[in-house]
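Everything on this sheet refers to the single structure shown next.
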Amino acid sequence: MGRRNFSIVFLVYIIIFSLSSIARASSPWRFNFDLKYENEKTDDAQKDETDELQHEYQVRYSAPISLETKLESELKAKIKKESSLSETKDWPYWTFRVKSRLYGFMLGYKETEEEKETAEVTGTKNAYFDLKLQPEYLPSVNVKYDFERKIDPNQPRNHKFSINSSYNIKNFFKIRLNYQGEKTDYKNQPTDIKEGDFLGQISLKHFIFHNKLRFDFDYKYEEEGEKEEKDPQVIDPNSLDTDTYWERSHDESIRTAITKLTYKITPDTTLTTHYEKKNEKEKVEGEDKEKNTFWLNVNQKICSYIKVAGKYKHEKNHDEGIEENQNDIYEAQVTANPSKWLDLRGRVKFESKDIDSLTDDKEDKKENNRTLEGTWKSNFPQFFKAINTFNIKFSKEKDNFIDPNKGDDSLEREEHYKWKIRLTPIDNFNLAPEYNVSEEKSITHEFKTTMSYKLYCASRMKIGLSHTLGRKRVKEEEQALGVPGPKIKEYNDDTKFNIKFIPHQNLIFSTQIIREANKTITNGNVDQDEVNLSYAFNYDWRFNPFTWSSSFKYDDRDDDNKSGGGDTETFESKLTYKIKNYDVTANYKYTKTYSIPHDKKQRIGLQLRAHY
């Protein structure tokens, strides 16, 4: 396969290279060419070998028509071939654009074809149109049309159309209209599908009493519909009606009204109320949903470094004939910055949710959630710099139908604590402990800490060392009455050591060693105990116009006999030659797995790029 394709590709490359003489920096023409070839061989029982050839061409024209108008045209082609029968083509791919401050126009056409190894050919033909008008004192308009047709005549054809218009008067009054329609045309079937979505929105912002009182109003109407064209004789062969008709299968309307009032009582006190009403109606199924939400926010600045905020939210949902639920949220926040060395932030949240099922009383539930969050930042330059965060959450769920006096049917608890500490006397030393607790059906305690240290030897060498210590304990729920659940303990120790040596600004050597130790104990029995090591060596060498980088990595696995795998070694090398208008890249990758039998894999790649 290779010789014929390479001959064609290099012929095109020579043609583009010769055209570069007329494509100077001041010329509106631009030519781009990209060729990529990869060969991969697998030395195992199957002896697989795959070839992949991909080449892409692009011709672009860009020139100004006037001071505010620009013309652009682009023609692209992309061909990708794998093995001998699998091939993908994106050709032609043409785009024409006109850009301006007040308007924009675009036309496009694209064909995609894919041939598989089974000789099956699939693909699409796609044409699209886009028009934008943005006059200064008139509503803006954006019109789009998209047509897509499959190569297979039995596949449907899709038509998509949208129009969007908006009008904004000095950020005071805004109106927006949007319509999107789609039609699916089944050529050889008596059934077509039409879908249409409409959106209308009006927004109003007004200041009363100068900047003390502000009134915002927003109303939005949405409608979604779907129709199907049917032939009565297909549904019922005995039908005497020979005319097709449209049957509406989905028709939903959504109305949303939002009112917001903001009152700035004093320069340090702000009161905000917010009310939202949303109604959803499905006309075909006869479903009706309603949602009412009320917010009340208070922000108070006590002094120059303390801020307090309170929030109340009430939400009531009604799903006709199914259920009703009510949700109340209380939240308080405190922020304190007493000095440049200390920053305190805290948040308390309480949420109560009541679900009342109208079809089955057994589904009635009540849920309470409590959340406590905080952040403490301190910076003492002579001693340390630390960040402490914590998050505590309690969740209780109660089934009101079984026994109202029973108490909580389920209890969930989550606690998260994190610290980040940097000791100033020890340069580049960081400590990050973490402790997590979760309780639901099982109880989990997890502790993890990471210590890292970086050493800089002048500007030529950098040494880094980090260690992560992890401990986890899990107690599962009872498997049966009186039978305790299993107790699981997990131990994790990860160590990383890396060195980076820069003898010259264009030459870099680096090496990395990683050790991972994992151990799992269940009811006193060791289920897993393994230690994995990884060694890596890299270097990068730049000598204009060449760049050469290589890496070698060896993974020493401790679970060879358990998982059926084995140690793995990987070698990669990449050489790049790059000048002003084109670059050439050659890469090689070799992978060997010491399993039974051994598995070897190597890949060779070549890439050419040209741009004029």
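The values are calculated or read from the model by the stated rules, or taken from the named source; none is laboratory data. Predicted model, so just to flag it, every value in this text is computed and none were measured. Methodologically, a virtual Cβ is constructed for each residue, glycine included, from the backbone with ideal geometry; neighbour enumeration extends over all protein chains shown. Side chains included, ligands, DNA and RNA excluded: accessible areas come from the protein's heavy atoms. Shrake-Rupley method; radii C 1.70, N 1.55, O 1.52, S 1.80 Å.
Might you report the magnitude of the Cβ-based charge dipole of the stretch 500-584 about its Cα centre, with Lys and Arg at +1 and Asp and Glu at -1, to the nearest 20 debye? Working shown, then result.
Working: 10 positive and 14 negative charges, 157 e Å.
So the magnitude is around 760 debye.
The aspartates and glutamates whose alpha-carbon is closer than 13 Å to the alpha-carbon of LYS150, local same-chain residues fewer than 8 away aside, are GLU111, GLU113, GLU114, ASP185. Note on LEU455: accessible area approximately 70 square angstrom, rounded to 10, probe 1.4 Å, nucleic acids and ligands left out. For the pair THR585 and ASP185 in one chain, pulling the backbone fully straight at 0.36 nm per residue adds 139.3 nm over the alpha carbon distance. Would you mind checking the pairs LYS194/LYS220; LYS41/LYS116; LYS393/LYS441; LYS76/LYS194 and listing those with alpha carbons more than 25 angstrom apart? Beyond 25 Å: LYS76/LYS194.
Pull out the extension gain between GLU530 and ALA386, defined as 0.36 nm times the separation in residues minus the alpha carbon to alpha carbon distance; nm, one decimal.
Values: separation 144, 0.36 × 144 = 51.84 nm, distance 3.47 nm.
Contour length minus Cα-Cα distance gives 48.4 nm.
For LYS398, the aspartates and glutamates whose Cα comes closer than 15 Å to its Cα, not counting residues fewer than 8 places off in the same chain, are GLU351, ASP354, ASP356, ASP361, GLU363, ASP364, GLU367, ASP408, ASP409, GLU412, GLU440.
Let's test the formula: R0 of 35 Å, r as the Cβ-Cβ distance of LEU342 and CYS457. What FRET efficiency results, to the nearest 0.05? The value I calculate is 0.50.
Once R0 is set to 60 Å, what does the formula 1/(1 + (r/R0)^6) return for the Cβ-Cβ distance between ASP51 and ALA332, expressed as a FRET efficiency to the nearest 0.05? All intermediate terms of the calculation are to be shown ahead of the outcome.
On the way: r = 66 Å, r/R0 = 1.09.
The calculated FRET efficiency here is 0.35.
Between TYR109 and PHE350, the modelled label-to-label distance comes to 6.9 nm, taking each label 7 Å out from Cα in the direction of the beta carbon. If you plug the beta carbon distance of LYS144 and VAL483 into 1/(1 + (r/R0)^6) with R0 = 60 Å, you get a FRET efficiency near 0.40.
Computed on the Cα trace of the stretch 119-224, the radius of gyration divided by the Kirkwood hydrodynamic radius gives Rg/Rh = 1.21.
Label-to-label distance, GLU320 versus GLU228, with points set 7 angstrom from Cα along the beta-carbon direction: 2.4 nm. The aspartates and glutamates whose alpha-carbon is closer than 15 Å to the alpha-carbon of LYS454, local same-chain residues fewer than 8 away aside, are ASP427.
Leaving out ligands and nucleic acids, note down the accessible area per residue over the stretch 106-150 with a 1.4 angstrom probe, in whole Å².
Each residue of the stretch 106-150 exposes 65 Å² on average to a 1.4 Å probe.
Net length available on complete extension from LEU411 to LYS289 is 40.9 nm, with 0.36 nm assigned per residue and the Cα-Cα distance removed. With each label modelled as a point 7 angstrom along the Cα→C-beta vector, the TYR167-THR449 pair spans 6.7 nm. Surface composition of the stretch 260-382: carbon plus sulfur atoms hold 50% of the accessible area, using a 1.4 angstrom probe and ignoring ligands, DNA and RNA. Counting lysine pairs in the stretch 458-522 whose alpha carbons fall under 25 angstrom apart, excluding pairs fewer than 8 residues apart on the same chain, gives 12.
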